[in-house]
Each structure stands twice: as structure tokens, then as C-alpha cells.
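As C-alpha cells, the structure follows; a few thoughts come after it.
Each value in this text was obtained by applying a stated rule to the coordinates, not by laboratory testing. As the structure is a computational prediction, the values presented were derived from the model and not from experiment. Cβ placement follows ideal geometry from the backbone for every residue including glycine, while neighbour counts extend to all protein chains displayed.
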Amino acid sequence: MSWILLVEQTLNGLQFGVMLFLMAAGLTLIFGVMGLINLAHGSLYMIGAFAAAAVAAATGSFLMALVASLAASAVAGVLIEATVIRRLYDRDHLDQVLATFALILIFSEGTRWAFGSFPLFLDKPEWLSGTVMLPFGIEYSLYRLVLIVVGLLVAAGLFWMIAKTRIGIRIRAGENDREMIGALGVDISLLYTLVFALGAGLAGLAGALIGAIQSVQVGMGEPVLILAFVVIVIGGIGSIKGALIGAILVGLTDTLGGVLLPRLFALFLEPSQATSAGSSLASMSIYILMAGVLLFRPKGLFGSA
Amino acid sequence: MKRESLLNAALMAVLLAVPLVAWVSDEPFLITLATRAVIFAIAGVGLNFALGFGGMVSLGHAVFFGLGGYAMGILAYHAQTYTTLMDWPFALDGTKMMPIIWLVAIAVSSLAALAIGALSLRTTGVYFIMITLAFGQMFYYFAISWPAYGGEDGLSIYVRNEFPGLNTMDPIQYFMVCYVLLSLVLFGVYRAAHSSFGLVLRAARQNEDRVQAVGQAPYRLYLTAFAISGAITGLAGALFADLNRFVSPTMLSWQTSGEIMIFVILGGVGRVFGPVAGAALFILLEHTLGGLSEFWHIYLGAILLGVVLFARGGLYGLLAGREVAHD
């Protein structure tokens, strides 16, 4: 295998990882601040993708589509926070799982009813298609490179917001002691709604960005949601830094495992057997990674013990 | 308590009466619906053992349901193609014999539950939920990418498996097999819940430290309960695959885990017969709402949301009153 392919696949893994981060960051913030496990986060991802596809089809502008995805998923987030999620903060995890599972059923079937079962297509804009030459003669898709840059910029913005701004201080304070910041005069229910809307918006943006390289369809959110859970378990719940590192680890493991494992098995198995054994093991690789992390650190890499 | 026992008896009587009436009036479709309800009930009873009695919120019980299904599929596939299951270290043939298939399904799913439980129970709370969900997904993707047994397309079995002395292709006879198994499982779970093991398990759910102080290891209690729970759900999976004569990765998907949890919640968490009521109600909803609209999951979601937010005890909570408060 040429090393160019290896570099290319590493970049693909990085791209997948930063997109997973956009999902995982919202989930981990919502859990950290409100103590809520939100299965419907995948639905917000789907809403972002559908809003982007609909607006792109109507206006032809990719940037408008991205704005629409952010707006639609944030608005949907505020709506479900105010009607359902707010009632769940002081319930146990079982109730949270069930209520947000019910929301998935409603959103998925509602979207199927509104848009039909066939996938929509969201094309990446012309000015982002094609390839770009990287140093050492590596040709790489411009769009995927932009995804990596956008993901890293969002991550940097999020770190800056949490470390330096007033809202960030309140979020960190909320993670430590909810009652205390309420007593200090912070409007806690407004803060919760804001955090939920922020997480929802990030999920919707990820949905739209990924929607342009995969198809936009009902049920697209849940596989990503479960991967984001793996990311959070690896990184440690509530830790943004853990989410970033976990996401990149999962992205790299998934992408490189799919490429390297079949080749590794080919060293000592027949080609057909090697392909099937390798791809089966590759499909399990991130979960094996998760099990390995759990064995040594049950609270994740950056979880507070 | 008295009201709950009455409700249990009435529930089991209705569940038996509906297919018998359908049999007399020659409506095999209704019998199949009732059989589905009975099998789902077994799966729910299995999950309830971990969820209701042990407080373990597992979102990965589709693993055991699917493994039971694949145990049946793989054994029957080798029997119908006259191939050996394995040649080394000893030759092993497939089988079409239901009791053997059930035992294999139970063994495989309880072993898987031991392995998954041993890892997942190192954590608690929300980690446990996410990890069981993730392990479920691992088995799902493995089944899709492993081509030997149909991969994404699944495995079809031409004829339903055999039970000595019965014609299992006759809907009412297969229903009776499932109904008797449900009754046995309920009896066993009732006994287990009221045994010293069940009492300590429920005590551990409420206060681990005290249970530890009297010399019981919570981890081992939870793991045992999780394995039993997986075994019961695995049996249900084998029966379900036999009912459809088909097994596919869908049985392993996270939606299946969610549905099994819905059976438990609709009926009432922690009640031995709760999942039976929940599964029957689910089938009823699926049949009536499914007839109303293609998008019946919207209504199912709304009902589930209503139950979680406003009627936490499920059907049993509404009809039999609140459970005697333990916690």
C-alpha cells in the first residue's frame, strides 16, 4: 500500500472525527450542564440535513442552506426543550431515554410524512468541489478539507467560548453546581434553553455538512448518534476536550480499520476470506476500542472520577 | 396486591382466549398476531428482569433477541442444507429440533450477556445506557458485514422447526408452544423475584452500600441478573425467528432494543406480568393504528411520551394502583 493512500485515509478519518465532534460536543454539554441523556440529538442532525437540502433546492445557495440548517435545528431544539425536555431534567435516566426515544419516533415518521421515504440530494457547491494539491504531491478532495477546517474552527470557537466568555463561565458553573448559580441570580432555565439550542445547532450543522457527501434520508441521525455516544464514553461525559480527542480517535480507528485490517488479514488468509474477516473486524473496531478504554478507565479518558 | 393478581389472571386468560376463538372461527391471522404478542412478552419479561428488578437500563437487549434468532437460523440452515456446523475439533450437525435450538439460544445469549455485562457493569447510570447501546450496534454491524449467514439479507428457513408430537406449522399449535413457554418463564421470574436472590437484587438497586455491608457483592448480583435477563430475551428471539422462518440483522438493530423497552414501559416497570400487558397493548396499537395510517409510529411516539410524562406506572400502574412503595 502506498503511503499516499495512507495519508488520504488518515485525512478522511480526521474529517469523520471532526464531524463526530460537532455531534458529541452538544451531547456532552447537554449532559454536563443539565444531566440529560438526549437520544433525539440524532433527529436534530437529520432536521439540519433536511432543512439544508430543502433550502438548497429552493435557492441554489449552499451558504443559505447551511444557515437554514443551523436555524432549523436550533429552533427545533428550543421547541422540544420548552415542551418536553424541560420536564425531564429532574427525572431519572430511564424516563429521559424513553421520552427522547418517543421524540425520535415522532420526528422520523414526521419527516417521512413530509418528505417521503426517498433520499434527498444535497450537492456540494461548485466552488468547493474538485481536488486540491497538498504538499508532497497528495491530491485531496477540497470539500473534505474544508470540513476538517470548519470542524476545527468550530472546536476552537467552542473552547474559546467556554474558557473566556460570560456564557462559558455560566456553563462551567452550571456543570459544577446548578442550585448555586440559580441562587446567584442567573436565569437557569434560559441558560438551559441556550445550551440545548447550541447543541442542537451544532448537530444540525453537522447534518448539513455531511448531507452533502452522503444522502439525506430518514434515519440518518441515529447511527451517528450512537457513534457520538461511543465518543463520549471514550472521552468522558461532560468533557469537551474528551469529546474532541474521542471523536478523532473514533474517526481514525473507523476509517483506517476499514482500510488496513483487510490488508493485514491478507498476509495470512486467502483474499476472499481476508476481505470478509477484515471488514467484519473493522466494523467492530471502534467498539473494541471503547471496551479497551473502559477496562482501564471506566469514566473515560477525561472523565471526572 | 390482590388487584394485581386478578389483573394477571385476566390478562393471561384473554391472551389465551383470543387465539382460541380465532382458531374456532378460522382466522389464522389473529392467531399469528397473538403469537407475536406472546413472544414479545417473553422478550419484555427478560428485559424487565434487568430493568425492573435490577435497575439496569439496558438499551442493547436486541443483541440477545438477535442472537437467539441467529442461533435458530444457523442451526436450521445447516440442517436444511445438510452441511456441518463445524468440522473441527469435532463434527457438529445443525438441527431442526426446537428444544435443542432453545437451549442453544439460551446458552449463547446468556454467555453474550455475561461478556457484555461484565464490561458494561463496570460503569453505572448514563454510561451503562450508552455502552449497552454501543455493544448492540457492534453486533448489528458484525451481522451485516459477515457474509456466511446472509449478511444484510438475512437467512430464510423453509419449514418451521419441529417439536416432537406437534405440527408446528399449524398456527394454533405453535401459539400453544409459545404460550406454555411464556407461562414457564413467568413462573420462573416470579419465583426468582421472590427468592432471596431477587430480594437482595432489589435491595442492591436501592442501596448498594448497605447490601455490600451485609456481605453481598452487588457486581455479581447485577451480572447474574443481566445474564438471566439476556437468556430469556434470547429464547424469545429464537421463537420470533421461528415464527417468521426468517432472521436478519434487523432483529439486532437499536430500534428493536427500543421496542423491547416500550413493551416494558407500556405495561409497567418492575411488575412481573407488566411486559405481557405491554406487549399485548403494543400489538393492539400496531394493528389498529397501523390500519389508520402508514405513519403510525407518530402516534406510538405520542402515546409513549404521554406515558412517560404523565402515567409513569404504565398500564399496570393505571389498573392495579401504585406499587407498594419500596423506595
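Results for (1) over 30 Å from B:P147 (Cβ atoms); (2) aromatic (F, W, Y), shown as yes or no for each residue.
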| position | (1), (2) |
| --- | --- |
| B:N207 | yes, no |
| B:Q212 | yes, no |
| B:A217 | yes, no |
| B:R220 | yes, no |
| B:A225 | yes, no |
| B:A231 | no, no |
| B:A236 | no, no |
| B:F246 | no, yes |
| B:Q255 | no, no |
Some residue of the stretch B:267-290 being at the interface with another protein chain (Cβ under 10 Å from one of its Cβ atoms) and of a type in the set (F, W, Y): no
Only one of B:S293, B:S253 that is surrounded by fewer than 24 Cβ atoms within 10 Å (Cβ to Cβ), farther than 23 Å from A:T83 by Cβ and within 14 Å of chain A (Cβ to nearest Cβ): B:S253
Residue in the stretch A:36-45 that is in a helix (DSSP H, G or I) and among the small types (G, A, S) present: yes
Filtered residue count, the stretch B:99-149, keeping only those that are facing chain A (nearest Cβ under 7 Å), of a type in the set (G, A, S) and either touching a residue at least 24 places away in the same chain (Cβ under 8 Å) or surrounded by 18 or more Cβ atoms within 10 Å (Cβ to Cβ) (or both): 2
Which numbered condition A:G246 fails, given (1) crowded, with 22+ Cβ neighbours inside 10 Å; (2) within 23 Å of B:G136 (Cβ to Cβ); (3) in contact with a Phe, Trp or Tyr (Cβ under 8 Å, 6 or more places away or on another chain); (4) more than 10 Å from chain B (Cβ to nearest Cβ): (3)
Unique residue being touching a helix residue (DSSP H, G or I) at 6+ places or on another chain (Cβ under 6 Å) and closer than 25 Å to B:G151 by Cα when the list is B:L92, B:L75, B:L11, B:L30: B:L75
Criterion: within 14 Å of chain A (Cβ to nearest Cβ), surrounded by fewer than 23 Cβ atoms within 10 Å (Cβ to Cβ) and either more than 30 Å from A:G278 (Cα to Cα) or out of contact with any helix residue (DSSP H, G or I) (no Cβ under 8 Å at 6 or more places or on another chain) (or both) - qualifying residue of B:Q173, B:Q212, B:Q206: B:Q206
Candidate set: the stretch A:108-124, residues that are crowded, with 16+ Cβ neighbours inside 10 Å and facing chain B (nearest Cβ under 8 Å); chosen: the one farthest from B:M261 (Cα to Cα): A:R112
Residue within the stretch A:54-64 that is away from every other protein chain (no Cβ under 14 Å), surrounded by 24 or more Cβ atoms within 10 Å (Cβ to Cβ) and outside any loop (DSSP other than H, G, I, E, B) present: yes
Which listed residue is outside any helix (DSSP H, G or I), aromatic (F, W, Y) and within 24 Å of A:S43 (Cα to Cα), from A:F101, A:F118: A:F118
Positions within the stretch B:148-175 being in a strand (DSSP E or B) and acidic (D, E), in sequence order: B:E162
Matching entry among A:L147, A:L152 (being part of a helix (DSSP H, G or I), surrounded by 20 or more Cβ atoms within 10 Å (Cβ to Cβ) and away from chain B (no Cβ under 14 Å)): A:L147
Any hit, the stretch B:58-67, residues being over 28 Å from B:A204 (Cβ atoms) and touching an Asp or Glu at 6+ places or on another chain (Cβ under 7 Å): no
